[in-house]
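Scroll down for the structure; my scribbles are underneath it.
The values are calculated or read from the model by the stated rules, or taken from the named source; none is laboratory data. Values in this document were obtained by computation on a predicted structure and should not be read as measured data. Cβ sites come from the backbone with ideal geometry, for glycine too, and all protein chains shown count toward neighbours.
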Amino acid sequence: MSEPYDVVIIGAGPGGYNAAIRAGQLGLKVAIIEKRDSKKLGGTCLNVGCIPSKALLHASELYEAAGNNFEGLGIKISGLALDLGQLLKQKDDAVDGLTKGVAYLMKKNKVETFFGAGEIIAPGKVRVSGETSAELDTKNIIIATGSEVTPLPGVEIDEKQIISSTGALSLPSVPKHLVVIGGGVIGLELGSVWRRLGAEVTVVEYLDRILPTMDGEVSKQFQRILKKQGVNFKLSSKVTGAEKLKTKVKLSVEPAAGGDAEQIDADVVLVAIGRRPFTIGLGLENIGVKLDKRGVIITDHFRTNIDGVWAIGDTIDGPMLAHKAEDDGVACVELMAGKAGHVNYETVPSVVYTYPEIASVGKTEEELKAASIKYKVGKFPFAANSRAKTNHETDGFVKVLADAASDRVLGCHIIGREAGELIAEAVSVMEFGGASEDIARTCHAHPTRSEAVRQAAMGVEGWTMQA
Ligand code: FAD
Ligand code: NAD
């Protein structure tokens, strides 16, 4: 009999494949199992999530800019046209290249890869069912099987007329009217893509605001900007049914609090009301791994209630984000190897890759108020930032929240071009337990948008200089 593995990882998304790399680096004997038919590694993120959506966002943003903004910059274009086939192909090329990159990293770190469905048949025993089957003996198992779309009863997804985010990454033509159910990250990112490509887009959101977990001021201003871009919103509304006709879907929409229903006709409906952990077929019931009411695997520092069985990423509590899954994977393997693995969930940034981008880390004003924490606010608009003004991209602002007594940075919220890059500074400062004054007194290159972060930090003590 061959030596058992030190760790078998089920699921090759950002959680699983980064856990595998770290295990390889630490000299552990490691295998990873992936059930995707395409035999592509990288999970939801690389195949049908972060990467393809960003490829479409990037290309569609340039398309819209070429149509609307280039002339003002002195660049004339004639014959601008959309080649949707090529736009989708470059997205597939990006996915292809990056998934191959993950396969290379598995080899480099001596990770054995199995393609097939993994099932835990006993603690320390994993069955792989695929083209070839195997039973793997292992000291540890990591569940990294990710998440799936939360369904909406009465609005059944067929990936043609009623689609999930996966269908929205490959629509064969631009719909005339796209109705998005859910004004969260997926709805606003993929809604933006198809609006830029020519669709009329209506977002139906249950709550009275979009991006409900973001800072209130940010989501309010963002909704205003999206409205100006042409997105229609129906807030405080719920979809109660969908009737599929040959070329249309008739949606019944009611006020969330109850009232008269109205009909909205859509060519395509995107269901984007959240995601839930995916653990079907894993055999968790065989060994008694505990889940909570939402199907989230209950863990303590990635340990489930069963010895030697660990869980990470979208299957456990916390934000469903690729970089959070990655950090979970690394910390989980380090703990397994007797090291001090740790993830600081207070400093996991969150980015919405629309135009402008939204980026956030730490507490929102609403959360600080609810926790009765006294705080100070520094704010700076991009309209006063020289680089943003020069480039005619002045939408948005930076907001820094700091503890009223200690000045420690408690949160940072940015709406503006490249907000996703700018937030890294606030994340680093927060990770070091830094103060707003640390940002305010740090030299920032001129002319850059990062100066807006500094000016906002100066504002915490009331000495913003450039507005
Ligand atoms: P996953 O990436 O879901 O990987 C799990 C893998 O396990 C899958 O490949 C699945 O096939 C496999 N699997 C499941 N069951 C088994 C089994 N029994 N045996 C073998 N394999 C199995 N996050 C960001 O941070 N930034 C973004 O820009 C972003 N954009 C997104 C856009 C969209 C449209 C979507 C849907 C998600 C996006 N996310 C983004 C979220 C991100 O994709 C997830 O948080 C992340 O992929 C979670 O990683 P994971 O490793 O936990 O799981
Ligand atoms: P979400 O949680 O971001 O947003 C769902 C929205 O739908 C919320 O605003 C919610 O109030 C609303 N909603 C819920 N039920 C509803 C109903 N019945 N009718 C109308 N509205 C309803 O979820 P998502 O947009 O589906 O994204 C899923 C996850 O994927 C997110 O949690 C996010 O972590 C991840 N993701 C991240 C990124 C990124 O990091 N840029 C991009 C895409 C997805």
Any residue in segment 178-188 that is closer than 19 Å to VAL309 by Cβ and either of a type in the set (S, T, N, Q) or within 12 Å of ligand 1 (Cβ to nearest atom) (or both)?
no
Residue satisfying condition, being assigned by TED's automatic domain parsing to the domain that holds GLY16, modelled with pLDDT of 95 or more and loosely packed, with under 11 Cβ neighbours inside 10 Å, within set GLY101, GLY67, GLY85, GLY97:
GLY85
Those helices (runs of 4 or more DSSP H) completely within segment 1-91 that have 3 or more residues that are more than 16 Å from ligand 2 (Cβ to nearest atom) and over 18 Å from the mean Cα position of the chain (by Cα) are 14-25, 50-68
Looking across segment 157-171 at residues that are in a loop (DSSP other than H, G, I, E, B) and either in contact with a Gly (Cβ under 9 Å, 6 or more places away or on another chain) or under 26 Å from GLY11 (Cβ atoms) (or both), the single one that is nearest to ligand 2 (Cβ to nearest atom) is SER164
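Is at least one residue of segment 21-37 basic (Lys, Arg), surrounded by fewer than 21 Cβ atoms within 10 Å (Cβ to Cβ), farther than 18 Å from VAL309 by Cβ and modelled with pLDDT of 95 or more? Can you show your working first?
Step one: list which residues in segment 21-37 are basic (Lys, Arg), which gives 22, 29, 35-36.
Now narrow it down to the ones that are surrounded by fewer than 21 Cβ atoms within 10 Å (Cβ to Cβ): 29, 35-36.
Checking the rest, the ones that are also farther than 18 Å from VAL309 by Cβ come to 35-36.
Now restrict to residues that are modelled with pLDDT of 95 or more: 35-36.
Looking through segment 21-37, at least one residue is basic (Lys, Arg), surrounded by fewer than 21 Cβ atoms within 10 Å (Cβ to Cβ), farther than 18 Å from VAL309 by Cβ and modelled with pLDDT of 95 or more.
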Could you grab the pairs with beta carbons closer than 7 Å, sequence gap of 6+ or different chains, first residue in segment 45-58 and hydroxyl-bearing (Ser, Thr, Tyr), second one part of a helix (DSSP H, G or I)?
SER53/GLU189; SER53/LEU190
All but one of (1) out of contact with any Phe, Trp or Tyr (no Cβ under 7 Å at 6 or more places or on another chain); (2) farther than 30 Å from GLY338 by Cβ; (3) of a type in the set (Gly, Ala, Ser) hold for GLY124; which doesn't?
(2)
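Quick one: how many residues across segment 42-69 are of a type in the set (S, T, N, Q) and either closer than 23 Å to LEU80 by Cα or away from ligand 1 (no atom under 16 Å from the Cβ) (or both)? Give the derivation first.
Taking segment 42-69 first, the residues of a type in the set (S, T, N, Q) are 44, 47, 53, 60, 68-69.
Of the ones still in play, those that are also either closer than 23 Å to LEU80 by Cα or away from ligand 1 (no atom under 16 Å from the Cβ) (or both) are 53, 60, 68-69.
Counting residues in segment 42-69 that are of a type in the set (S, T, N, Q) and either closer than 23 Å to LEU80 by Cα or away from ligand 1 (no atom under 16 Å from the Cβ) (or both) gives 4.
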Look through segment 209-233, keep the residues that are within 23 Å of GLU366 (Cα to Cα) and among the charged types (D, E, K, R), and return whichever of them is nearest to ligand 1 (Cβ to nearest atom).
ASP215
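Going by the structure shown, is ALA402 out of contact with any Pro (no Cβ under 9 Å at 6 or more places or on another chain), assigned by TED's automatic domain parsing to the domain that holds THR44 and more than 16 Å from ligand 2 (Cβ to nearest atom)? Give the derivation first.
Working: out of contact with any Pro (no Cβ under 9 Å at 6 or more places or on another chain): yes; assigned by TED's automatic domain parsing to the domain that holds THR44: no; more than 16 Å from ligand 2 (Cβ to nearest atom): yes.
Taking the combined requirement at face value, the residue does not satisfy it.
Considering every residue within segment 129-148, establish whether at least one is among the hydrophobic types (A, V, I, L, M, F, W, C), in contact with a strand residue (DSSP E or B) (Cβ under 7 Å, 6 or more places away or on another chain), surrounded by fewer than 22 Cβ atoms within 10 Å (Cβ to Cβ) and at pLDDT 95 or above.
Residues of segment 129-148 that are among the hydrophobic types (A, V, I, L, M, F, W, C), as a first pass: 134, 136, 141-144.
Keeping just the survivors that are in contact with a strand residue (DSSP E or B) (Cβ under 7 Å, 6 or more places away or on another chain) gives 134, 136, 141-144.
Then drop every residue that is not surrounded by fewer than 22 Cβ atoms within 10 Å (Cβ to Cβ), which leaves 134, 136.
This time we only want the ones that are at pLDDT 95 or above, so: 134, 136.
Checking segment 129-148: at least one residue is among the hydrophobic types (A, V, I, L, M, F, W, C), in contact with a strand residue (DSSP E or B) (Cβ under 7 Å, 6 or more places away or on another chain), surrounded by fewer than 22 Cβ atoms within 10 Å (Cβ to Cβ) and at pLDDT 95 or above.
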Among the residues in segment 207-227, are any surrounded by 14 or more Cβ atoms within 10 Å (Cβ to Cβ), free of Cβ contacts under 8 Å to residues at least 40 places away in the same chain and over 23 Å from the mean Cα position of the chain (by Cα)?
no
Do you know which residues across segment 272-296 are more than 8 Å from ligand 1 (Cβ to nearest atom), within 18 Å of GLY15 (Cβ to Cβ) and touching a Gly at 6+ places or on another chain (Cβ under 7 Å)?
ARG276, PRO277
What helices (runs of 4 or more DSSP H) lie completely within segment 390-467 and have 3 or more residues being touching a residue at least 60 places away in the same chain (Cβ under 8 Å)?
419-431, 450-460
Where the second residue is in a helix (DSSP H, G or I) and among the basic types (Lys, Arg) and the first is closer than 30 Å to TRP194 by Cα and within 16 Å of ligand 1 (Cβ to nearest atom) and lies in segment 331-356, which pairs have Cβ atoms under 7 Å and are six or more apart or on separate chains?
VAL348/LYS324; TYR353/LYS54
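Tell me, which residue of segment 251-280 that is of a type in the set (Gly, Ala, Ser) and surrounded by fewer than 19 Cβ atoms within 10 Å (Cβ to Cβ) is nearest to the chain's Cα centre (by Cα)? Spell out the reasoning first.
At the first step, the residues of segment 251-280 found to be of a type in the set (Gly, Ala, Ser) are 252, 256-259, 261, 266, 272, 274.
Checking which are surrounded by fewer than 19 Cβ atoms within 10 Å (Cβ to Cβ) leaves us with 252, 256-259, 261, 274.
Details: SER252: 29, ALA256: 26, ALA257: 29, GLY258: 31, GLY259: 34, ALA261: 32, GLY274: 11 Å.
Per the stated criteria, the residue is GLY274.
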